Amino acid sequence: MKKLLFPLAVALVLLAGCNTDKGQRMLRTLDKQPETGMVIYNQGKTSYYYAPGVDDLMQLLASDPAILKDAIVADRRVGKAAAALLIKGGVKSVYTPLVCTPARDMLEDAGIALVARDEIPYMVNADSTGLCPLEKLLVCATTAEECQVVLFGGSLTGCEMLDMLNEQGLSLLVYNNDSLSIHANRGVRDLLDLLSAEPERLRGAIVADKIIGKAAAALMATGGVQEVHTNVICTPARELLEQEGIKVFAREEVEKILNKDKTHMCPIDSQLEGIETVEECVRVLKNMPPVL
């Protein structure tokens, strides 16, 4: 077995060298083709993109995120916006003629290799008179996650609420009309109570919830919340919320929410299997015992 270690190490070094050569060739492509804004190499395929700013990255994340996973990317300019989206896509390495310092810091913190010819403090607009529009939009966002939320139409308030929820061991925070309400009951009891006694609290609200399954999603949709932030969401819950036009920002997505022992589906969500409409989900939930 030990005899294999040296050849394997050599192979890894050669592979890293090949990737570096590929990235440098992609950089030279940007030099030769001024109309090209970004080049992506993944699994033997090279793709070229021409839209301004981060439009192509936004589109790829929405429709074809697999092309970014573990990819080598050459981008003409990498500011905070591009860096945050490249991190979200899970790229392996980034090559660029120009990077700004906050973008470099983000990529390095995410463990993404960066090769940049030049670095500046921040990206400027076309006239070099101030921040570029995207940098200005993200001026208050300090992390890649915060930048991602803002770029996809969310609020920094929601990010702060989720951090507060995790730090204080809470289960639900609701922000509406400049007022924050704090809840700590398990399950969906707080959402049921709000929907029954204070439905106006949910209408147009920003909500942070520790875990969102189908049950919580149905109650939020019925309440008319505007934006949801969570640590974990299951796919049926995300789909339900997005169908209702609700913005969803989740740090992790899973197929289904499990019980405390991780042995079966969450008992509340299990009662909603096969139910298609929000209205029917809520009807079932309202008839459940109060302990839920």
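Here, each number is a calculation from the coordinates, and none is a lab measurement. Being a predicted model, the structure only gives us computed values, none of them experimental. Don't worry about glycine lacking a Cβ; one is built from the backbone with ideal geometry, like all the others, and counts go over all protein chains shown.
For the residue pairs Lys32/Lys92; Lys214/Lys260; Lys210/Lys260, the alpha carbons lie more than 21 Å apart in Lys32/Lys92.
Listed from fewest to most Cβ neighbours within 10 Å, the set Asp269, Asp105, Asp70, Asp261 follows the order Asp261, Asp70, Asp105, Asp269. Stretching the chain fully between Ser128 and Ala66 yields a gain of 18.8 nm (0.36 nm per residue, less the alpha carbon separation). If a/c stays under 1.5 just call it rounded; otherwise compare a/b with b/c (prolate if a/b is bigger, oblate if not). Do that for region 101-186, with a ≥ b ≥ c from the square roots of the Cα gyration tensor eigenvalues. Judged from the Cα gyration tensor, region 101-186 comes out oblate (a/c at least 1.5, b/c at or above a/b).
Springs between alpha-carbon pairs under 10 angstrom, Gaussian network model over the chain: which of Thr157, Thr222, Thr46 fluctuates most? Checking each option, the largest mean-square fluctuation is seen for Thr46. If the convex hull of the alpha-carbon atoms of region 154-286 is projected onto planes in all directions, what is the mean projected area in square nanometres? One quarter of the hull surface, i.e. the mean projection, equals 7.3 nm².
Our summary gives region 228-292 a relative contact order of 25 percent, counting only alpha carbon pairs under 8 angstrom and 6 or more residues apart.
About the centre of its Cα atoms, region 18-141 shows a dipole size close to 280 debye [charges on the beta carbon of Lys, Arg (+1) and Asp, Glu (-1) only; nearest 20 debye].
If R0 equals 22 Å, the separation of the Cβ atoms of Asn166 and Asp109 corresponds to a calculated FRET efficiency of about 0.70. For the chain, the share of DSSP beta bridges that are antiparallel, to the nearest 5, is 45%.
With the cut-off at 1.5 for a/c, could you classify region 199-267 from its C-alpha gyration tensor as rounded, prolate or oblate? In terms of gyration-tensor shape, prolate. Considering only Val174, Gly274, Tyr48, and ranking their Cα positions along the charge dipole of the chain that arises from unit charges at the beta-carbon of Lys, Arg, Asp and Glu, the one farthest toward the positive end is Tyr48.
Of all beta bridges that DSSP places with both ends in region 18-141, some 45 percent have antiparallel geometry.
Available extension along the chain between Met58 and Asp31 is 7.4 nm, counting 0.36 nm per residue and deducting the alpha carbon span. If you find the alpha carbon centre of region 231-278 and of region 77-128, how far apart are they in angstrom? Using only Cα atoms to place each centre, the spacing works out to 34 Å. About the centre of its Cα atoms, the chain shows a dipole size close to 1080 debye [charges on the beta carbon of Lys, Arg (+1) and Asp, Glu (-1) only; nearest 20 debye]. What relative contact order, as a whole-number percentage, does region 154-286 give when Cα pairs under 8 Å and 6 or more residues apart are counted? Here the relative contact order equals 20 percent. Gyration tensor over the Cα atoms of region 18-141: the corresponding equivalent ellipsoid has semi-axes (square roots of 5 times the eigenvalues, largest first) of 21, 16, 14 Å.
Shape summary of the chain, radius of gyration then Dmax from alpha carbon positions: 22.7, 71 Å.
Sequence-ordered 3J(HN,Hα) estimates for region 248-256 from the Karplus curve with 6.51, -1.76 and 1.60 and θ = phi - 60° stand at 10, 10, 10, 7, 8, 10, 10, 5, 8 Hz, glycine and proline given as x. Using the rule -39500 (n - 2.57) for each DSSP H run of four or more residues, divided by the residues of the chain, the 222 nm mean residue ellipticity is -12500 deg cm²/dmol. Cβ-to-Cβ counts within 10 Å put Leu107, Leu195 in ascending order as Leu195, Leu107, the fewest first.
The trypsin sites (Lys or Arg not before Pro) of region 209-290 that meet both conditions, a loop assignment by DSSP and at most 11 other Cβ atoms within 10 Å of the site Cβ, are Lys260, Lys262. Give, as a single signed number, the net charge of other residues whose beta carbon lies under 13 Å from the beta carbon of Val150, with Lys and Arg counted +1 and Asp and Glu -1. In short, -1. Panel order for Val139, Val99, Val282, by other beta carbons found within 10 Å of each beta carbon, from fewest to most: Val139, Val282, Val99.
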